[in-house]
Each structure stands twice: as C-alpha cells, then as structure tokens.
Amino acid sequence: MSRLPSTRESRPALIGLAVLLIVGGALASAWLAIQSGNRSSFVQVSSEIAQGATISSDDLTRVSLPEGFSGGVPFDDADSIVGKTAAARLVEGTIVMRTMISDESGVAEGQTRLTVGVDSSPFIRGLQSGDRLALNVGTSDGGARQMVYAELVSVGEQKSGSIGGSGNDEVSIVVSIDLSCLSIVSQGIEDSSVTPALIGEGSASVQKTCGS
C-alpha cells in the first residue's frame, strides 16, 4: 500500500513550484514591458481635412503606436505629405496611411485651396467637382461684400453644427481660388460670412483676382 507524502516532504516541492511561478511571472512582465516599449511616432490628423483639401502641417500631430504598425506615415516623414491632397475625408484622430494621400498637389500655379464651412442645403449637396462658384464674402468692417471667383474641388459629408448661429447642419466645401484673394476669403471664413453661389460662363461681376 502506497504512503502519502508527509507535509514535511511536500513542502520543498511546493516552495520550488512557488519560486518557478514567481520567476516565470517576472520574466513575462519583463517581456511585456519590453514589447510595450517598442513604439514609434506616426502621423495623426489633428483637425478634419476635407477630401481634396491641401494638407498643411497644422492639420497633423504626433501619435505613439507599436513599432510594427503597418501602413502608417512615420512622423519623421510628415513633411512628405504636407502640400499634398487628401484622397478621402480625414476626420480628427485618423492615423494617416499612405493610401489616404494623393501624390499630386492638385493646385495650379497661382492658386490655393481653402475649406469653407457652409450651411447644408440641397443646392450645396448637389454641387459637383469643377463647378464654377461665386463666393459672396462679407467684410469684418461692414463694408461692401465682394464676389470672388472659385472652382469647387469637393463637398464634404454633412455633420451636425451651425454656421453663424443659423442652427442648420454644416457641410465643408473645398474651393480653389486665386492667391491674391486668400486674405479676403480667409477673413470671410473666420467671420462665417462666405456664401457660395453657382455662376455661369462670363459672369463679369465676379472677380477672379483681388486687388491689394
């Protein structure tokens, strides 16, 4: 008949098992710590970029991700995508992938692109890329409004919000304008005083360039 081991005999085995568990746990913790430390900086979107909009350095920020993250743009290469265009709408917090960026700047010489927030309407949602627009731009000093020529690049997705307290949903449109009109339209965007309208051929009242 077999004899059960006494408590005194089994104690060394239990102690040995406990030591193995402690050492094993320590090694596992060390391995996880090492793995979590293998991280790199990648490019993340800090503010929404509409499809077709030109990417600026202000649109981008740094995010720490595992070193082996595939497809992301390393933060050290952020300058390589500045000045390029967004191939799709990039919302805040998006990790930038190479496939999201168009290799073409898409901006003709003497032109620049701006994102304009406007109230959503059937008219705005029905616009097509390449449409000729007149941007009715107000002035902060209450002076005469100016009609600035623009070409539509893209219409973003509708989102909840309002422009100028109107309570309507908001849509971001990307337009291409002459560089000479940049300050005028930028101020209008800041003042939420830009209203787009569709124009036909030969609209003489719309200025393609803006005087000093």
_Which condition from (1) assigned to a strand (DSSP E or B); (2) in contact with an Asp or Glu (Cβ under 9 Å, 6 or more places away or on another chain); (3) surrounded by fewer than 19 Cβ atoms within 10 Å (Cβ to Cβ) is the one that residue 115 breaks?_
(3)
*Does the stretch 37-64 hold any residues that are of a type in the set (A, V, I, L, M) and modelled with pLDDT under 90, and which are they?*
49, 50, 53, 55
*Those residues of the stretch 186-203 which are in a loop (DSSP other than H, G, I, E, B) and either at pLDDT 90 or above or of a type in the set (Ser, Thr, Tyr) (or both), in sequence order*: 192, 193, 203
_Taking the conditions exactly as written (more than 11 Å from the chain's Cα centre (by Cα), more than 26 Å from residue 114 (Cα to Cα) and free of Cβ contacts under 8 Å to residues at least 60 places away in the same chain), does residue 64 satisfy them or not?_
yes
_Residue, surrounded by the fewest Cβ atoms within 10 Å (Cβ to Cβ), within the stretch 65-89, restricted to residues that are β-branched (Val, Ile, Thr) and either at pLDDT below 85 or in contact with a helix residue (DSSP H, G or I) (Cβ under 7 Å, 6 or more places away or on another chain) (or both)_ = 82
*Would you pick out the residues in the stretch 45-91 that are assigned to a strand (DSSP E or B), closer than 19 Å to residue 155 by Cα and among the small types (Gly, Ala, Ser)?*
86
_Which condition from (1) under 19 Å from residue 186 (Cβ atoms); (2) touching a Lys or Arg at 6+ places or on another chain (Cβ under 8 Å); (3) of a type in the set (A, V, I, L, M) is the one that residue 82 breaks?_
(2)
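The values are calculated or read from the model by the stated rules, or taken from the named source; none is laboratory data. No experiment lies behind these values; they were computed from the predicted model shown. Reconstructed Cβ throughout: ideal geometry from the backbone, glycine too, with neighbour counts over all protein chains shown.
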